[in-house]
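S.K.: I'd like to ask you about the structure that follows.
The values are calculated or read from the model by the stated rules, or taken from the named source; none is laboratory data. Given the structure is predicted, the values throughout are model-derived calculations rather than measurements. Cβ placement follows ideal geometry from the backbone for every residue including glycine, while neighbour counts extend to all protein chains displayed. These area figures cover heavy atoms from the full protein model, side chains too; ligands, DNA and RNA do not enter into them. Shrake-Rupley method; radii C 1.70, N 1.55, O 1.52, S 1.80 Å.
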Amino acid sequence: MQAEQAEVQIRLTVDVTYSLNGETAATMAALLPRLCEQAIGDGMLTGGTFATVESHEVTTKLMPALMSEEAVADAWAGRSPPTP
């Protein structure tokens, strides 16, 4: 039987799609890491166990808008430059 590790690194990837409802994408991109830090500080990554978070890193990236099917077709046909 193999001994249990004392520490382990686990990567959690979360993609969030917002309906902005009047907010800006920049506001939400700035707010999201703060919310994650708050959740970590409140013990939400350990779920009431004896484990402790030794280190963590939170990064956000505002993803570019997706191109419409029509814009993709036009770009492939060479009719216009691609636009989001």
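S.K.: Report which label in (i) 22, 15, 11; (ii) 31, 14, 11; (iii) 40, 19, 9 holds the value of semi-axes √(5λ) of the Cα gyration tensor in Å derived from the coordinates of this structure.
M.R.: Comparing each candidate, only (iii) matches the computed number.
S.K.: If contacts are Cα pairs under 8 angstrom and at least 6 residues apart, what is the relative contact order of region 16-84 in percent?
M.R.: Relative CO of region 16-84 lands at 26 percent.
S.K.: On to the next question. Can you give the extra length, in nm with one decimal, that the chain gains between Glu37 and Val16 once fully stretched, where that is 0.36 nm per residue apart less the Cα-Cα distance?
M.R.: Numbers: separation 21, 0.36 × 21 = 7.56 nm, distance 1.59 nm.
Difference between extended and current length: 6.0 nm.
S.K.: Obtain the nm distance between the two label points defined at Ser55 and Ala71 by a simple spin-label model: each point lies 7 Å from its Cα along the Cα-to-C-beta direction.
M.R.: 3.9 nm
S.K.: How much accessible area per residue does the chain have, counting only protein heavy atoms and a probe of 1.4 Å, in square angstrom? Please report the intermediate quantities before stating the final value.
M.R.: Working: 8030 Å² over 84 residues.
On a per-residue basis, the chain sits at 96 Å².
S.K.: Further question on the same structure: Determine the calculated [θ] at 222 nm for the chain from helices alone, applying -39500 (n - 2.57) to every DSSP H run no shorter than 4 residues and normalising by the residue count; nearest 500 deg cm²/dmol.
M.R.: About -10000 deg cm²/dmol.
S.K.: Rounding to the nearest 10 and keeping the result within 0 to 90°, find how far the Cα-based axis of helix 25-41 lies from the longest principal axis of the chain.
M.R.: The helix 25-41 is inclined about 10 degrees to the chain.
S.K.: Related question: With a 10 Å radius around each residue's Cβ, average the other Cβ atoms per peptide and rank 63-74, 29-40, highest first. Write down the numbers at each step before the final one.
M.R.: Numbers: 63-74: 11.0, 29-40: 13.2.
The peptides rank, most packed first, as 29-40, 63-74.
S.K.: Rounded to a whole number, what % of the accessible area of the chain do carbon and sulfur atoms account for, probe 1.4 Å?
M.R.: 55 percent
S.K.: With only Lys, Arg, Asp and Glu charged, each at its Cβ (+1 for the first two, -1 for the last two), find how big the charge dipole of the chain is about the Cα centre; round to the nearest 20 debye.
M.R.: Once rounded to the nearest 20, the dipole reads 200 debye.
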